[in-house]
Amino acid sequence: MGRLASRVLRVLPAACMLALTACSGMGDNTRQALTQVQAKLAPTLPRPYIEDLVIESVKVEGNALVEVIRSPLGSAEKTRKNPRFNELQQAEELELRGWCKDPAIQPLFKTKAELKRRFVDRNGGVFFEVAMLASFCPAANSSAGATSTP
């Protein structure tokens, strides 16, 4: 019994690490692809988005590639109170699919990566985020869909 326990204790840490890697989704090439895409996009920033908005940065957060888009003039708190705020968010959910056309994003199509755009005001207040799995990009898959997160 002592030998068996000794063997189990030697193999247990490795088995646990493999299980955690598989469950976390990081066993695939998602993290590496995210890092490579972020490194490719970061030197092109900041750049204009639309109107007075600026794509300020792109970063990796977990399994997500996050574009931070700043409004130098707006206030997140005031804007969220506008009765037409949901229309703006819905329009950006659709617009997110356009990011899929960027050739730099293509390595993420076959991963578990998520694409996010976070809209922030001049003080860092979040207007909203929109997100979708990179595998839902029209070029990666015939079915596309975007979801939003508050």
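The numbers here are math on the coordinates, done by the rules we state, and not lab data. Quick caveat, the model's predicted, so the values are computed rather than measured. Using ideal geometry, Cβ is built from the backbone for each residue, glycine included, and neighbour counts are taken over all protein chains shown.
Could you tell me how many of the residues in segment 112-138 are in a helix (DSSP H, G or I) and free of Cβ contacts under 8 Å to residues at least 12 places away in the same chain? Quick ask: steps written out before the conclusion?
Start the filter on segment 112-138 by keeping residues that are in a helix (DSSP H, G or I), which leaves 134-136.
Then drop every residue that is not free of Cβ contacts under 8 Å to residues at least 12 places away in the same chain, which leaves 136.
Qualifying residue count for the region: 1.
Taking the numbered list (1) touching a residue at least 24 places away in the same chain (Cβ under 8 Å); (2) assigned to a helix (DSSP H, G or I) in turn, Lys78 passes all entries but (1).
If you go through segment 43-65 and pick out every residue that is in contact with a strand residue (DSSP E or B) (Cβ under 7 Å, 6 or more places away or on another chain) and over 18 Å from Leu108 (Cβ atoms), you end up with 8. Candidates in segment 26-62 are the residues that are among the acidic types (Asp, Glu) and not in a strand (DSSP E or B); of these, the one that is surrounded by the most Cβ atoms within 10 Å (Cβ to Cβ) is Asp28. Whenever a residue of segment 89-111 is buried (at least 18 other Cβ atoms within 10 Å of the Cβ), its partners that are assigned to a loop (DSSP other than H, G, I, E, B) and of a type in the set (D, E, K, R), lying with C-beta atoms within less than 9 angstrom and at least six residues away or across chains, give the pairs Thr111/Asp28.
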